[in-house]
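The values are calculated or read from the model by the stated rules, or taken from the named source; none is laboratory data. Just so it is clear, the model here is predicted, and its values are computed rather than measured. All Cβ positions, glycine included, derive from the backbone under ideal geometry; neighbour counts span all protein chains shown. Note: accessible area is taken over every heavy atom of the protein model, side chains too, but ligands, DNA and RNA are not part of it. Shrake-Rupley method; radii C 1.70, N 1.55, O 1.52, S 1.80 Å.
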Amino acid sequence: MADYAHPEVLVSTDWVAQHANDANVRVVEVDVDTNAYKEGHVPGAIAWSWTTQLSDTVRRDILNKHQFEKLMGDSGISNDTTVVLYGDNNNWFAAWAFWEMKMYGHKDVRIMNGGRKKWLAEGREVSTSEPSLAPAIYRAVGPDNSLRAFLDQVQAALAARSHHMVDVRSPQEFTGEILAPPGLPETCQRGGHIPHARNIPWSKAVNEDGTFKSAEELKALYGAEGIDGSKPVIAYCRIGERSSHTWFVLKYLLGFDRVQNYDGSWTEWGNLVGAPVERGASAAKTA
Amino acid sequence: MKVENFSERRLEIDGWPVNLTTYQIGGVFHCKADNVSPGAGLARTTGATREEAEEKALARARERLSRTRRHPV
């Protein structure tokens, strides 16, 4: 992990096995499928549901500052706790939680490289019991909206061609052949992608065992599509969790300064009246 | 408890590549089917045997994938 721009944000499964029960460490499982935790999880880990605990349950948004402080406090997390996140689907929603925690200024948050899949594949110990937590006091800062792109910013970026747009969905979602991942409900009115976006599926950033590819491989992957940090980057997908994975890669593993996650993503853009949409494969690369 | 008998394999259902992950925790086999690309989960099932858990997951995955529409591009 030494070649990454910020290797301190990744921990190995070995590290977690040794430190999960340290007094200042809180391990949190964040899954796409919130039933996974109940099957068995890293001993001592708690779980957050992305649908009910990491999102506002009334309007479509991340937690507000007060809600975030309450979640942290209820989870026994104080401002100086080392939080280690992991989850299924190669850490999709672990990356989302990481992004949200950085928006509210948490200093020491890390991701377990390889996620839930690697822990299981290694035949490690799992538990089905939930730890009892002593509530803590938490004071958030922010939100730091420089990490997030809103619709008007994406529209302005598109008009000015000021950003690199990275669509991290599958090629079939990108072209418009399908309107949602196979087997999932269609959640948009139109298929395709934001004009001029480059299609670099999130999954290209990970190895078979779920760990992130090396810095050199990642640099080559994104560089081949012109994503080299020379321009600000906006990453998007369907609902913003796969793009938070790519946001993490670009910002923390490759060290690009200006990377935003557009969490409105295709479920916003693909439902907008009058929004420009490009179908089919990418047009030729432009600067 | 330790995770045992972890395995992964790929197959195709209705033209869609599917990843099947199976493992045992205690006396229960757990199976997860996902759609490889983009990697979203299709089914999560349990069974007393690997075969039972996988059959249930495949049936559920097949049902969900059959509803996926391909649009002309």
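Residue-wise test of (1) in the same structural domain as A:SER127 (by TED's automatic domain parsing); (2) among the aliphatic types (A, V, I, L, M); (3) part of a loop (DSSP other than H, G, I, E, B).
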| site | (1), (2), (3) |
| --- | --- |
| A:GLN18 | yes, no, no |
| A:GLU29 | yes, no, no |
| A:LYS38 | yes, no, no |
| A:ALA47 | yes, yes, no |
| A:LYS70 | yes, no, no |
| A:TRP92 | yes, no, no |
| A:ALA97 | yes, yes, no |
| A:GLY105 | yes, no, yes |
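Please go through the range A:169-194 and pick out each residue that is open to solvent by 10 Å² or more (accessible area, probe 1.4 Å), within 22 Å of B:ALA61 (Cβ to Cβ) and in a loop (DSSP other than H, G, I, E, B).
A:GLU177, A:LEU179, A:LEU184, A:PRO185, A:GLU186, A:THR187
Kindly provide the set of residues from the range B:1-54 that are buried (at least 21 other Cβ atoms within 10 Å of the Cβ), among the hydroxyl-bearing types (Ser, Thr, Tyr) and more than 13 Å from the chain's Cα centre (by Cα), ordered by number.
Answer for the range B:1-54, where residues must be buried (at least 21 other Cβ atoms within 10 Å of the Cβ), among the hydroxyl-bearing types (Ser, Thr, Tyr) and more than 13 Å from the chain's Cα centre (by Cα): there is none.
Test of understanding: among B:PHE29, B:PHE6, which residue is more than 9 Å from chain A (Cβ to nearest Cβ) and in contact (Cβ under 8 Å) with a residue 12 or more places away in the chain?
The match here is B:PHE29.
For (1) of a type in the set (Phe, Trp, Tyr); (2) over 29 Å from A:PRO201 (Cα atoms), each residue gets a yes or a no:
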{"residue": "A:ALA136", "(1), (2)": "no, yes"}
{"residue": "A:LEU147", "(1), (2)": "no, no"}
{"residue": "A:GLN153", "(1), (2)": "no, no"}
{"residue": "A:ALA156", "(1), (2)": "no, no"}
{"residue": "A:SER170", "(1), (2)": "no, no"}
{"residue": "A:PHE174", "(1), (2)": "yes, no"}
{"residue": "A:GLU177", "(1), (2)": "no, no"}
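Just to be sure before I move on: is A:ARG116 surrounded by fewer than 21 Cβ atoms within 10 Å (Cβ to Cβ), within 13 Å of another protein chain (Cβ to nearest Cβ), of a type outside the set (Ser, Thr, Tyr) and farther than 17 Å from A:SER55 by Cβ in the structure I sent?
Here the answer is no, as A:ARG116 does not meet what is asked.
Mind telling me which of the residues A:ILE227, A:ILE234, A:ILE137 ends up being assigned by TED's automatic domain parsing to the domain that holds A:LYS70, at pLDDT 95 or above and outside any helix (DSSP H, G or I)?
Values: A:ILE227 fails: assigned by TED's automatic domain parsing to the domain that holds A:LYS70; A:ILE234 fails: assigned by TED's automatic domain parsing to the domain that holds A:LYS70.
Answer to the selection: A:ILE137.
Just one of the numbered conditions (1) closer than 23 Å to A:ILE111 by Cα; (2) buried (at least 19 other Cβ atoms within 10 Å of the Cβ) is not true of A:ALA197; which one?
Just one mismatch for A:ALA197, condition (1).
Can we say A:THR13 is surrounded by 14 or more Cβ atoms within 10 Å (Cβ to Cβ), under 30 Å from A:ALA215 (Cα atoms), within 14 Å of another protein chain (Cβ to nearest Cβ) and out of contact with any Pro (no Cβ under 6 Å at 6 or more places or on another chain)?
So A:THR13 fits the description; yes.
Of the residues A:THR267, A:THR246, which single one is within 22 Å of the chain's Cα centre (by Cα) and buried (at least 23 other Cβ atoms within 10 Å of the Cβ)?
None of the other options fit; the residue is A:THR246.
Just name the residue that is farthest from A:ASN261 (Cα to Cα) out of those in the range A:140-149 that are open to solvent by less than 80 Å² (accessible area, probe 1.4 Å) and at pLDDT 95 or above.
A:ALA140
Scan the range A:254-271 for residues that are in contact (Cβ under 8 Å) with a residue 60 or more places away in the chain and among the hydroxyl-bearing types (Ser, Thr, Tyr) and jot them down.
Across the range A:254-271, the qualifying residues are A:TYR262, A:THR267.
Sort through B:GLU63, B:GLU55, B:GLU51, B:GLU12 and tell me the only one that's facing another protein chain (nearest Cβ under 10 Å) and without any contact (Cβ under 8 Å) to a residue 60 or more places away in the chain.
Answer to the check: B:GLU63.
Please specify each residue of the range A:241-282 satisfying the condition of being modelled with pLDDT under 95 and small (Gly, Ala, Ser).
Answer for the range A:241-282, where residues must be modelled with pLDDT under 95 and small (Gly, Ala, Ser): A:GLY280, A:ALA281, A:SER282.
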